[in-house]
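A short worksheet on the structure shown next.
Every read-out reported here was derived from the displayed coordinates using simple, explicitly stated rules and does not represent laboratory data. Bear in mind the structure is a predicted one, so any value in this text is a computation, not a measurement. Note that each Cβ is placed from the backbone with ideal geometry, even for glycine, and that neighbours are counted across all protein chains shown.
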């Protein structure tokens with residue numbers, strides 16, 4: 001089970017441990033004269049990494065993000081194999097043997113690689129892209145209507161009356177919309193920063209640990225993985241997003257992610273995971289505060 005808020009770190013730890021075990025096992029096999037050749041090594045590492053991303057990560061990765069990760073893994077494996085002349089020579093040997101069909105086995109592999117495999121890939125590409133559902137009746141809404149209440153980590157929130165418990169003045173009173181303007185462009189790293197800015201700082205740390213990969217460093221929906229999704233993640237800097245939303249709506253969307261969207265958002269539902277599985281309710285509220293503070297928008301009030 002993932003530790004709350006540390007999913008990316010755990011993935012790196014798991015992959016590092018897997019690689020260390022693999023390298024250690026291969027070293028032992030080489031010592032006894034049964035080392036794995038370079039080409040099968042590359043295939044095993046690639047398949048092992050794919051299996052980890054595909055079956056071990058929870059919640060499951062979107063397919064576009066999985067393909068992005070595997071593209072990076074392929075590049076890393078190629079660089080690792082070609083880092084030494086001996087490794088590159090060993091890696092090329094079965095490839096050159098297949099191209100030149102040096103024996104009947106390699107000839108069969110060449111026939112499969114250049115005739116059967118392209119046909120299978122072509123059919124798979126066609127089958128993947130051919131529409132398999134009817135044209136939707138309802139168009140996707142940008143901001144689907146939230147429920148009257150929602151349950152997050154066993155606690156029920158009535159969205160029309162709930163308030164962010166951290167949006168408070170120094171005297172402990174709830175901060176009315178617009179009052180946070182005095183904190184815009186303030187330095188959250190000041191040792192004696194007001195409590196409001198300290199909470200904003202904590203929310204920013206959580207955002208950059210979990211959310212900026214898609215929503216971007218500047219919250220403009222242009223993160224490193226943004227264009228792997230259709231539609232791309234929300235641009236919080238746009239006046240049509242945060243500025244038009246109540247903070248409880250943002251809390252609900254972060255907590256429930258794409259899987260929690262109502263039916264009118266289908267079939268182009270958000271790819272955002274349900275962050276309530278990784279963040280506490282307090283962390284979600286603080287992330288929301290950071291997003292409003294960074295974009296210099298005020299939460300919209302219920303009308």
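An oblate overall shape is assigned to region 64-207, the ratio a/c of its alpha-carbon gyration tensor axes (a ≥ b ≥ c) being 1.5 or greater and a/b not exceeding b/c.
Report summary: the helix-based calculation at 222 nm, which adds -39500 (n - 2.57) for every DSSP H run with n ≥ 4 and divides by the residues of the chain, gives -15000 deg cm²/dmol.
With contacts taken as Cα pairs under 8 Å at a separation of at least 6 residues, region 149-295 carries a relative contact order of 27 percent.
With the simple model of a label 7 Å out from the Cα in the direction of the Cβ, residue 170 to residue 117 spans 6.8 nm.
Placing pseudo-labels 7 Å out from each Cα toward the beta carbon at residue 55 and residue 195 gives an inter-label distance of 5.0 nm.
Only one of (i) 23.1; (ii) 20.9; (iii) 19.5 was calculated from the structure for Kirkwood radius over Cα pairs in Å, and its label is (i). Angle, helix 7-31 long axis vs. longest principal axis of the chain, Cα atoms, 0 to 90°, nearest 10? For helix 7-31, the angle is close to 20 degrees.
Please report the relative contact order for region 10-138, taking Cα pairs under 8 Å with a sequence separation of at least 6, and give it as a percent rounded to a whole number.
On the way: 49 pairs, mean separation 23.1, N = 129.
Once normalised by length, the contact order is 18 percent.
Using the average count of surrounding beta-carbon atoms within 10 Å as a protection proxy, the listed peptides 38-49, 121-132 rank, highest first, as 38-49, 121-132. Relative contact order of the chain: 19 percent, from C-alpha pairs under 8 Å at least 6 residues apart in sequence. If you take the Cα centroid of region 51-78 and the Cα centroid of region 214-280, the two points sit 21 Å apart. Once both labels are positioned 7 Å from their Cα atoms along Cα-to-Cβ, the gap between residue 127 and residue 280 label points is 4.8 nm. Shape of region 206-303 from its Cα gyration tensor (a ≥ b ≥ c, root eigenvalues): rounded if a/c is under 1.5, otherwise prolate when a/b > b/c, or oblate? Rounded, since a/c falls under 1.5. The angle separating the long axis of helix 63-81 from the principal Cα axis of greatest extent in the chain is about 50 degrees. For the chain, set up a Gaussian network in which alpha carbons nearer than 10 Å are linked by springs, and say which option among 78, 213, 112 fluctuates the most. Taking springs between Cα atoms under 10 Å, the residue moving most is 112. The C-alpha atoms of the chain define a longest principal axis, and helix 85-100 lies at about 70 degrees to it.
Hey, with R₀ at 41 Å, roughly what FRET efficiency would residue 208 and residue 263 work out to, going by the Cβ-Cβ distance, to 0.05? With R0 = 41 Å, the Cβ-Cβ based efficiency is 0.80.
Starting from the Cα gyration tensor of region 1-134, take the square roots of the eigenvalues, sort them a ≥ b ≥ c, and report rounded, prolate or oblate (rounded when a/c is under 1.5, otherwise prolate if a/b is larger than b/c, else oblate). The shape class here is oblate.
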